[in-house]
Amino acid sequence: MRRDTFLKSLLALTAAGGLPLAARASGANLKMMLPANPGGGWDTTGRALGKALQEGGLANSVNYENKGGAAGAIGLAQFVNANKGEGNALMVMGAVMLGGLITGRPPVTLDKATPIARLTSEYNVFVLPASSPFKTMADVIAQLKKDPGSVKWGGGSRGSTEHIAAAMVARAAGVDPSKINYVAFRGGGEATAAILGGNVTIGGSGYSEFSQYIESGKMRALAITSDTRLKGVNVPTLRELGLDVVIGNWRGVYGAPGITEAQRKALTDLVVAATKTKSWQESLDKNNWTSALLTGAAFEKFVDDEFASLRAVMVKSGML
């Protein structure tokens, strides 16, 4: 067969979806929207996924774009408006975005994009800067009861899981959640800097974002928002400390609006294949993430249920 005839046949098979996934994906140039500033959980997750796609031979290149603000709503709007019908575009999202959409009510909502997959789950940890005069969560709660506004809680955008967790802690301690002094940051990097600099009293985020600072002694871990202790993490749960608070975090990816079912399936297959790579497993281990892969209609239902659940928690905690 002549070389030009072979190439034409190969292109025809690719267009028809006749080639195996690996062959169709190989050489793909993907775009990844990270709707937060560098250094946070979405940034880390997106880049870990991109690395797995490339090292697994599933994508030739991944172009990242950070666009932080409003719990991801700014990045979501740009993603939706700029990528309609594009089957090579992904956006990282998660529980934080749902919370932000509930509190912020932006004009562009998540239903404009295409659900692809939930990837990971993890729990938040509350920490103090090493220089803090407080030593335990009991110290923080005592001050919170004495003067709620004097305790500055630092974390992600309004409506984030750490914001909700702070309100739940206040309520469990008998303090009016509406009186908490919550300082929202546009990304994990900014929140980390504020905590290390002593600009907030207490900070919260996914354990993976603070683990290196906890291990180095720059932050003091007080409590985890899980129902039981995390394996290999010597930090008590809030329940152990007498505060009946459990709330998890999760992250996933969406595709662009207006893509076809074939494009959606191809993108989903690509992401699923990436989660089976050695690179992705290394990222799970390194960041203490729990694999929580969910796709298709099950993922869509999960997002709808989570949205309703978060709204109910916010109402109960006095955030809405």
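The values are calculated or read from the model by the stated rules, or taken from the named source; none is laboratory data. On a predicted model such as this, the values are computed, not experimentally measured, just so you know. Heads up, the Cβs are rebuilt from the backbone with ideal geometry, glycines too, and the neighbour counts pull from every protein chain shown. SASA here: full protein model, heavy atoms, side chains in, ligands and nucleic acids out. Shrake-Rupley method; radii C 1.70, N 1.55, O 1.52, S 1.80 Å.
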**Request:** Take the chain, connect every pair of alpha-carbon atoms lying under 10 Å apart with a spring to form a Gaussian network, then pick out the residue of 251, 229, 158 with the largest mean-square fluctuation.
**Result:** 229
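Quick one: grab the alpha carbon gyration tensor of region 162-246, order the square roots of its eigenvalues as a ≥ b ≥ c, and give me rounded if a/c is under 1.5, else prolate or oblate depending on whether a/b is larger than b/c. Walk me through the intermediate numbers first.
Working: a/c = 2.05, a/b = 1.09, b/c = 1.88.
Oblate, since a/c reaches 1.5 and b/c is not below a/b.
Rounded, prolate or oblate for the chain? Axes are the square roots of the Cα gyration tensor eigenvalues, ordered a ≥ b ≥ c, and the cut-off for rounded is a/c under 1.5.
Working: a/c = 2.54, a/b = 2.02, b/c = 1.26.
Prolate is the answer for the chain, as a/c is 1.5 or above and a/b outweighs b/c.
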**Complete:** To the nearest 10 degrees, the tilt of helix 278-287 (Cα long axis) against the first principal axis of the alpha carbons of the chain is 10 degrees
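Relative to the compact globular guide of 2.2 N^0.38 Å, what is the alpha carbon radius of gyration of region 86-220, as a ratio?
Values: Rg = 16.2 Å, N = 135, 2.2 N^0.38 = 14.2 Å.
The value comes to 1.14.
At 1.4 Å probe size, with the rest of the protein present, what percent of the exposed accessible area of the chain is carbon and sulfur atoms? Write down the numbers at each step before the final one.
Numbers: 7250 of 14210 Å².
Roughly 51 percent of what the probe reaches on the chain is carbon or sulfur.
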**Asked** Cα to Cα, under 19 Å, and not fewer than 8 places away if on the same chain: which aspartates and glutamates meet these conditions relative to residue 286?
**Response** 43, 55, 122, 209, 215
**Zone residues, region 102-123, relative to residue 300, backbone N less than 11 Å from point 7 Å out along Cα-to-Cβ** = 114-116
**Asked** Highest mean first, what order results for 90-103, 211-224, 139-152 on Cβ atoms within 10 Å?
**Response** 90-103, 211-224, 139-152
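How would you classify region 258-320 from its alpha-carbon gyration tensor, with a ≥ b ≥ c the square roots of the eigenvalues: rounded for a/c under 1.5, else prolate if a/b is greater than b/c, otherwise oblate? Walk me through the numbers before you get to the answer.
Values: a/c = 3.68, a/b = 1.40, b/c = 2.62.
The shape class here is oblate.
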**Message:** Given all pairs of different Cα atoms, what value in angstroms does the Kirkwood hydrodynamic radius of region 187-320 take?
**Reply:** 17.8 Å
**Prompt:** Mind checking which lysines have their C-alpha under 18 Å from residue 146, skipping anything on the same chain fewer than 8 residues away?
**Reply:** 135, 179
**Asked** log10 I(q)/I(0), Debye, Cα-only region 90-152, no solvent, q = 0.28 Å⁻¹?
**Response** -1.24
**Fill in**
Counting only DSSP beta bridges fully inside the chain, the antiparallel percentage to nearest 5 is 60 percent
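Please work out the average accessible area per residue across the chain, using the 1.4 Å probe convention, and give it in Å².
Numbers: 14210 Å² over 320 residues.
That works out to 44 Å² per residue.
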**Set of aspartates and glutamates with alpha-carbon distance to residue 145 below 13 Å, sequence-local pairs under 8 removed** = 176
**Asked** What is the helix-to-structure angle for 296-316, meaning the angle in degrees between its Cα long axis and the longest Cα principal axis of the chain, kept from 0 to 90 and rounded to the nearest 10?
**Response** 20 degrees
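Taking 0.36 nm per residue of sequence separation and subtracting the Cα-Cα distance, how much length would be gained by fully extending the chain between residue 292 and residue 81, in nm to one decimal? Show your work: numbers first, answer last.
Values: separation 211, 0.36 × 211 = 75.96 nm, distance 2.88 nm.
Residue separation times 0.36 nm, minus the Cα-Cα distance, leaves 73.1 nm.
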**Prompt:** Mind ordering 77-84, 66-73 by average Cβ neighbours within 10 Å, highest first?
**Reply:** 66-73, 77-84
